[in-house]
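Read the structure below first, then the notes.
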Amino acid sequence: MYNVDQYFEPETIDEATALLAEHPNLLIIAGGTDVLIKMHSGKIAQADLLSIRKIKFLETIQKRQDGTLSIGSLATFTQIANDPIIKENIPVLKEAALSMGGPQIRNVATIGGNICNGATSADSASTLFALNAKLKLQTQGGERVIPIEDFYLGPGKVDLKPGEILTEIVISPEDYQDYGGHYIKFSMRKAMDIATLGVSAICRIKNGVFEDVRIGLGVAGPTPLRCQEAESFAKGKTVSAQTLAEIGKLAVKSTKARTSWRASKEYREHLVEELSQRALKVAIKNAGGESLA
Amino acid sequence: MTVNVVGKRVKRVDAVAKVTGKAKYTDDFMERDMLVGKILRSPYAHAIVKKIDVSKAKALPGVEAVLTYKDVPDNKYATAGHPYSLDPKHRDREDRTILTKKARFVGDEIAAVVATDDLTAEKALKLIDVEYEVLEPVLTPEDALKENAPLIHEEYDNNIISDFGYQIGDVEESFKESDYIFEDEFETSIVQHCHLENHISYAYVDADDRIVIVSSTQIPHICRRIVGQALGIPWGRIRVIKPYIGGGFGNKQDVCLEPLNAALTLAVGGRPVKIDLSREECMIATRTRHAFKYKFKTGVSKDGKLIATHITAISNNGAYASHGHSIAMSAGTKFRPLYSFKSIKFDPVTVYTNLPAAGAMRAYGVPQIKFALESHMENIARKLNMDPIEFRRRNLLGEGYVDPLNGNKVLSCGIHECIAKGKELINWDEKKEKYKNQTGIKRRGLGMACFSYASGTHPVGLELAGARIVLNQDGSVQLQIGATEIGQGSDTVFAQMVAEVLGIPVDMVHVVSTQDTDISPFDTGAYASRQTYVTGMAVKKAALEIKEKILNFVWGMTDIPAEALDIEDANIVYKHSGEVVMPLSKVAMQTYYDTVFAKPITSDTSNNARVNAMSFGVTFAEVEVDIKTGKIEVVEIFNVHDSGKIINPQLAEGQVHGGVSMGIGYALSEEMLFDEKTGKPLNNNLLDYKLPTIMDTPDIGVAFVETHDPTGPFGNKSLGEPPAISPAPAIRNAVLDATGVAFDRIPMTPQRVFEKFKEAKLV
Ligand SMILES: Cc1cc2nc3c(=O)[nH]c(=O)nc-3n(C[C@H](O)[C@H](O)[C@H](O)COP(=O)(O)OP(=O)(O)OC[C@H]3O[C@@H](n4cnc5c(N)ncnc54)[C@H](O)[C@@H]3O)c2cc1C
């Protein structure tokens, strides 16, 4: 059952940050698809809630003049999947959005909630990692912008300071323009499932050579992560099956997978090696490169 | 007999009510000031309550009652939805009480609270102090069978519920005659029904001091009896009402909530109390499907004839007997009408473990044995270098077979035709050719599996079914049955049967969907694929009686002999010409208002079926296996059934769709997982328990081979459970075909497939 004593519904960010400053115990609720599950199961026994659903401004998705993409934290996955700016500029995030839950969940679940929940399995996270996304966090007093990688501290733990609200996810033009990408969610079901592994690969190619490769992984460690070794190896290499095989092997090095009843470490690592190559293969095509067999 | 309504795609009688939300389920009924009942569950798989202190819980405002094992009757009772037997030896094992001092699985019911609302009830649960003495849990059947294993039920000498089996012929002798002996072992997992509507009931004491229980149950009449037994009160003091229900699949063929619910309302002076299980509770604290381990030793001749089989089985029953050994015996019985063996020895043992209790689930033990047997058949065919279909064909029994143990006779059998049809539908020969010598990452393969099944439980169980029909003033009728509509469509086919016999349109048959033990005719309920067959005959008999009474009444009115008359399209007609004599409504009005002869026409009939028709069928499946990731995808699947005459093709297809999707989950993804040391459930929710979604379900091909069984009311045989039987082995055999890897365990999850492929050096 939902043990809620107080519930606030501010309509502006200023009201919200003021309420947070005044009541430090308030738990932010956006779509509620993580919060309410935790309350139902008793993981959160009691909570006073601050809903941000009425702050319409937070739903905005826009492309600024300089090419910077800004995604409001309250944008739902349905909205992201249908948004023309996302479709045109970072279609890989659309793929990630569509891999998430089912239609009903996507209608309410927000990208901000997905990130602030801190799960390594969050379907948007690996892609946002690959895109070098930055997060804008606002308090009553001011704001800070940090790389998404710094935001994740551990399983279910994020660097959200008391009084802070995530307002925007920002992606710089140099991080997405001319890149092609692909997201693979590997899970037992095709919908309504948690990823056994999430792989988001993006790359930029010129004359058959990788100018840049970035691979974000979910569920390969306690937080989403990037495959640094594989990425630095890839830079400047010819796009070929051998390069890909090597990238696959190196990708495993960045992982901190463990055995649980859901999957063994060995199997997860095997999947990392295989799926990072498969994701990259499609990314290559989407980046205008030649298809590899 | 020519039929007009039977065999047609008649719309479900409850379709509109259900899709518009007008159909009322248990939770839709509101009693004023309904209280909430919640259950305190053991966190330990095996433990004894040393001390329990409920004072803090009782003191919480809004708490109306707190009950422990000390506050409920100490009567031991059995929960299985079996008809009562006058023979004490034939009854189910009575091994539980309403609440328990000894926890036998994680989730066992120690205490219960009644409060004004959910939240207060939950808070109260947390305020109950329990001191447990934790005992060593027994989590596998092997451990349970060890000498000196801790006893789960100390009133018995060991953890064996039963090891009763049988032998037909002499297997040892027959093995000597065999050219080859093949041995295999197989294992299935614990799965759960996952019906949409969780277990829910509410109870109150009415003005006559009787306990009224509204419950989502498949078995209202049995439920009433079991509540009486559990509480030690006369059965007539209990009234059970079953409204619309959101699925059961056998899990509501067990009495899980109602005795406690009755105790809770009594504890608060008869005020209404509702128990509404969460999914997490429902998955562990109702029933599951038994996990089985099978060993097969089979003797075969050079020309591919089966000679003998010795089957050893261990059935993991969990903490309470529930349906117990009946499941193993059902498995050992229902496969027999399919293949010819000179000798069969069946050695099952059903054991307690400290896991959730297993009970009835769609096809009652048969999916397990058929997974094993049909996988075994495939392995044998391959070792003999024989076409697996040809191998099966050579050994099919068919019409005329009389079961040596129960006397059931196969009077209709379309298995050969089913196989031929399935083979054609999936394009077997062409694809087999195409998929030879694959080496890529994604490989395809074809598999098939056959089954046989029964229609009801005769002669093991009593097959009694009641039907009552009343002719209304306008010529329409009310039909009441004791059998329960649980989504399978029985109300609709009964309406078709009545319409057929009476010569009236289906919409003139008003089916009373609710069962109420005070009002409905007696029927043991929805299970064993019995309703269209067993209850259908009761309905037919009642309709025939109504028709006879109508025509006799017309005879009295007109002097036209009843034999010369018939009813067509709600008119009384001359049989020879079809000429209308008078509308049925005119007769009906006379039966109510004729000042001399008025006598409303009714029938109240019962059918005690002492026959049992065997149904047959086959699954053909095509899979694509991703060698690297271990993922198996079912690309095409066809189920072809001989269920006799199909009463309503649309509903029949729906049954098959649901059953096949259940079979796909069984094969590939569903299993309940428990911590190996503590027995704590790991995935009792629908995120972690991988029930396939519609996205994971391919288009399911359905076909019927319509035979006519002389014992069915319209030539029909069972169809409710059969669709869930053969998909899993067919898929397993298709994976073998695609990869050369022979799986002996389901589900074939990607993790397990990966491990097997590594063993086979495919990755
Ligand atoms: C049936 C179902 C299926 C699901 N399937 C998937 C799936 O496939 N993939 C997946 O990744 N997830 C899945 N989820 C999890 C969940 O839907 C997502 O994580 C979702 O994005 C959470 O968003 P929300 O808006 O509902 O978050 P909420 O539940 O409202 O919040 C989540 C957390 O973030 C905090 N928070 C939310 N917004 C902000 C903000 N702007 N600033 C600061 N803190 C904030 C909250 O305090 C809370 O701690 C599923 C959940 C359900 C119930």
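What the table shows:
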item: Residues (aromatic (Phe, Trp, Tyr) and farther than 14 Å from B:TYR453 by Cα) located in the stretch B:603-622; result: B:PHE620
item: Failed item, numbered, when B:SER278 is tested on (1) under 30 Å from B:GLU173 (Cα atoms); (2) within 14 Å of another protein chain (Cβ to nearest Cβ); result: (1)
item: Residues (of a type in the set (Asp, Glu), within 13 Å of chain A (Cβ to nearest Cβ) and farther than 16 Å from B:ILE725 by Cα) located in the stretch B:662-714; result: B:GLU671, B:ASP675, B:GLU676, B:ASP688, B:ASP696
item: Only listed residue being within 30 Å of B:ILE519 (Cβ to Cβ), touching a helix residue (DSSP H, G or I) at 6+ places or on another chain (Cβ under 9 Å) and surrounded by 22 or more Cβ atoms within 10 Å (Cβ to Cβ), chosen from B:SER452, B:SER490; result: B:SER490
item: Wholly enclosed strands (runs of 3 or more DSSP E) of the stretch A:1-106 bearing at least 1 residues more than 15 Å from the ligand (Cβ to nearest atom); result: A:4-8, A:61-63, A:69-72
item: Selection count where residues are among the aromatic types (Phe, Trp, Tyr) and within 16 Å of B:LYS293 (Cα to Cα), scope the stretch B:313-367; result: 3
item: Segments classed as helices (runs of 4 or more DSSP H), wholly inside the stretch B:227-339, with at least 3 members that are of a type in the set (Gly, Ala, Ser); result: B:258-267, B:325-334
item: Sole exception among (1) within 14 Å of chain A (Cβ to nearest Cβ); (2) among the basic types (Lys, Arg); (3) farther than 30 Å from A:ARG278 by Cα for B:LYS586, by number; result: (1)
item: Only one of B:ARG362, B:ARG336 that is in contact with a helix residue (DSSP H, G or I) (Cβ under 9 Å, 6 or more places away or on another chain) and charged (D, E, K, R); result: B:ARG362
item: Filter result for the condition that a residue is more than 14 Å from every other protein chain (Cβ to nearest Cβ), of a type outside the set (Lys, Arg) and buried (at least 19 other Cβ atoms within 10 Å of the Cβ), over A:ALA263, A:ALA234, A:ALA279, A:ALA257; result: A:ALA234
item: Search result, residues across the stretch A:259-274 that are over 11 Å from A:LEU197 (Cβ atoms) and either touching a helix residue (DSSP H, G or I) at 6+ places or on another chain (Cβ under 6 Å) or not in a helix (DSSP H, G or I) (or both); result: A:THR259, A:SER260, A:TRP261, A:SER264
item: Single unsatisfied condition, B:GLU568 versus (1) in contact with a Leu (Cβ under 9 Å, 6 or more places away or on another chain); (2) over 18 Å from B:THR602 (Cβ atoms); result: (1)
item: Checklist (1) away from chain B (no Cβ under 14 Å); (2) in contact (Cβ under 8 Å) with a residue 40 or more places away in the chain; (3) within 14 Å of the chain's Cα centre (by Cα); (4) closer than 20 Å to A:LEU74 by Cα applied to A:ALA201, failing item; result: (4)
item: Segments classed as helices (runs of 4 or more DSSP H), wholly inside the stretch A:110-151, with at least 2 members that are away from chain B (no Cβ under 14 Å), near the ligand (Cβ under 7 Å from one of its atoms) and not acidic (Asp, Glu); result: A:111-116
item: Pairs, first in contact (Cβ under 8 Å) with a residue 40 or more places away in the chain in the stretch B:622-638, second among the hydroxyl-bearing types (Ser, Thr, Tyr) and in a strand (DSSP E or B), C-beta under 8 Å, six or more apart; result: B:ILE637/B:THR619; B:PHE638/B:THR619
item: Residue check for B:ALA742: in a loop (DSSP other than H, G, I, E, B), more than 14 Å from chain A (Cβ to nearest Cβ), within 23 Å of B:GLN368 (Cα to Cα) and aliphatic (A, V, I, L, M); result: yes
item: Every residue from the stretch B:291-326 that is of a type in the set (D, E, K, R) and more than 23 Å from B:PHE105 (Cα to Cα); result: B:LYS295, B:LYS297, B:LYS302, B:ASP303, B:LYS305
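For every residue, the table says whether it meets (1) within 30 Å of B:GLU109 (Cα to Cα); (2) in contact (Cβ under 8 Å) with a residue 12 or more places away in the chain; (3) part of a helix (DSSP H, G or I).
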{"position": "B:ALA363", "(1), (2), (3)": "yes, yes, no"}
{"position": "B:ALA372", "(1), (2), (3)": "no, yes, yes"}
{"position": "B:HIS376", "(1), (2), (3)": "no, yes, yes"}
{"position": "B:ALA420", "(1), (2), (3)": "no, no, yes"}
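Since every read-out is calculated from the coordinates, none of them should be taken as a lab result. Source: prediction; values computed, not measured. As a convention, Cβ positions derive from the backbone with ideal geometry for all residues, glycine included, and neighbour counts pool all protein chains shown.
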